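Here's the structure, in structure tokens; my notes come after.
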Amino acid sequence: MAAKAILGISPGTRIIGLAVIRNGELVEWKIKTFKEMWSRDKRNAIVATINRLCEYHSVGVLVLK
């Protein structure tokens, strides 16, 4: 069984930094931009992005800046 990954999030209202670490190694990182004004759709898009990373990498720990 693969080790659970750690997802680090640096939140913002327009730009969100995301990093995935597994076994002490950085396996994925990205800066995601959400330029729209704040809305339910924008919130849902942010949550969907985080959920996809959690599912894909089997995230077991979430760390916020």
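Identify the residue in the range 52-65 that is on the phi < 0 side of the Ramachandran plot and not in a helix (DSSP H, G or I) and, among all such residues, is surrounded by the most Cβ atoms within 10 Å (Cβ to Cβ).
Taking the range 52-65 as the starting set, the residues that turn out to be on the phi < 0 side of the Ramachandran plot are 52-57, 59-65.
Right, trim to not in a helix (DSSP H, G or I) and you get 59-65.
Values: 59: 18, 60: 12, 61: 10, 62: 11, 63: 11, 64: 8, 65: 8.
My answer is 59.
Can you find a residue that is assigned to a helix (DSSP H, G or I), closer than 12 Å to residue 8 by Cα and open to solvent by less than 100 Å² (accessible area, probe 1.4 Å) anywhere in the range 33-51? I'd like the intermediate steps shown before the answer.
Quick first cut of the range 33-51, residues assigned to a helix (DSSP H, G or I) only: 40-51.
Within this subset, residues satisfying the condition of being closer than 12 Å to residue 8 by Cα are 50.
Among the residues that remain, those that are also open to solvent by less than 100 Å² (accessible area, probe 1.4 Å) are: 50.
Looking for residues that are assigned to a helix (DSSP H, G or I), closer than 12 Å to residue 8 by Cα and open to solvent by less than 100 Å² (accessible area, probe 1.4 Å), one finds at least one in the range 33-51, hence yes.
Quickly run through the range 20-31 and pick out the residues that are surrounded by fewer than 16 Cβ atoms within 10 Å (Cβ to Cβ) and in a strand (DSSP E or B).
First, pick out the residues of the range 20-31 that are surrounded by fewer than 16 Cβ atoms within 10 Å (Cβ to Cβ): 23-31.
Of everything in the range 20-31, those that are surrounded by fewer than 16 Cβ atoms within 10 Å (Cβ to Cβ) and in a strand (DSSP E or B) turn out to be 25, 26, 27, 28, 29, 30, 31.
Only residues that are farther than 20 Å from residue 3 by Cβ, polar (S, T, N, Q) and over 11 Å from the mean Cα position of the chain (by Cα): list them for the range 28-65, please.
Hits for the range 28-65 are 33, 39, 44.
Here are 12, 17: which of them is among the small types (Gly, Ala, Ser), open to solvent by less than 40 Å² (accessible area, probe 1.4 Å) and modelled with pLDDT under 95?
Details: 17 fails: modelled with pLDDT under 95.
Unique residue meeting the criteria: 12.
The values are calculated or read from the model by the stated rules, or taken from the named source; none is laboratory data. Please read all numbers here as calculations on a predicted model, not as lab measurements. Cβ atoms come from the backbone with ideal geometry, glycine included; neighbour counts cover every protein chain shown. Protein only, heavy atoms only, side chains kept; ligands, DNA and RNA dropped before computing areas. Shrake-Rupley method; radii C 1.70, N 1.55, O 1.52, S 1.80 Å.
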